[in-house]
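The values are calculated or read from the model by the stated rules, or taken from the named source; none is laboratory data. Worth saying up front: this structure is predicted, and the values here are computed from it rather than measured. In this analysis, Cβ positions are derived from the backbone assuming ideal geometry, glycine residues included, and neighbour counts consider all displayed protein chains. For accessibility, only protein heavy atoms count, side chains too; no ligands or nucleic acids. Shrake-Rupley method; radii C 1.70, N 1.55, O 1.52, S 1.80 Å.
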Amino acid sequence: MTSPVSSSDNRMPRPASARDRVLTAYEDLLIESGERGATLDAVAARAGVSKGGLLYHFGSKDALVEGFIARLMDLTEEDIDIMLAAPEGVVDYIIRTSVNEGTAFDRALIAAARLAQTADPRAGVALASIHDRWLDVVTQVVGDATVARAIVLISDGLYYNSALMGMGATEPNDPTDERLDRLLEVIARLGAASRP
């Protein structure tokens, strides 16, 4: 991922490598067309590389899936690092970021979900692993496994709801800051009620 360059910086952002373009093209095609539409030929065309160029980086479709999952897991670890350093804390972070905003991580999660819908179990295993990582982090912070599970399930529900908004769902559960503030208050009470 490249970060934006400030106006005072005369350097141009570094262009994405061919390998990154291939992974992004694969992700885009998974989201748009599912696994069947993400053929090697379609990925190469979308990435602007030859099929030989794609095969140089990923020698097979299996290698491409493995590369995609490795990038997804790297994005997960980056997200967890940010979560752990969040000024308002882990719970605030996980709830407030449980909205599909089209980030690289959001897109990778959606693509993995599309891939998990096929017969390829690797994406499902990766998504379960990500969920377990979030649950572990939240459990360490709140100190109660049941409360942590409730928080992660609330996060899942918020994300699912926000993802549906872009698919024609109605808007009554729009996660505004005010609504998220109230939800975080309820979560705090839940945590307090679980303590002896």
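Side notes on the structure shown:
- Inter-label distance, T103 to E32: 2.5 nm, where each label sits 7 Å from its Cα along the C-beta direction.
- The simple spin-label model puts a point 7 Å past each Cα toward its Cβ; for L183 and E88 those points are separated by 1.2 nm.
- Charge tally for F58 (other residues, Cβ to Cβ under 9 Å; Lys, Arg +1; Asp, Glu -1): 0.
- Of the solvent-accessible surface of region 37-196, computed with a 1.4 Å probe and all protein chains present, 57% belongs to carbon and sulfur.
- Shown in residue order for region 129-136 are the 3J(HN,Hα) couplings computed by the Karplus curve 6.51 cos²θ - 1.76 cosθ + 1.60 at θ = phi - 60°: 5, 5, 4, 4, 5, 4, 4, 4 Hz (x for Gly and Pro).
- Loop-located GluC sites (Glu not before Pro) across region 43-144 with a Cβ neighbour count of 15 or fewer within 10 Å are E88, E101, with loop assigned by DSSP.
- Residue-level accessible surface for T39, protein heavy atoms, 1.4 Å, Å²: 60 Å²
- Added length on full extension, which subtracts the Cα-Cα distance from 0.36 nm per residue, K51 to D144: 28.4 nm
- Estimated inter-spin distance, A16 and D132, nm [label 7 Å along Cα→Cβ]: 3.0 nm
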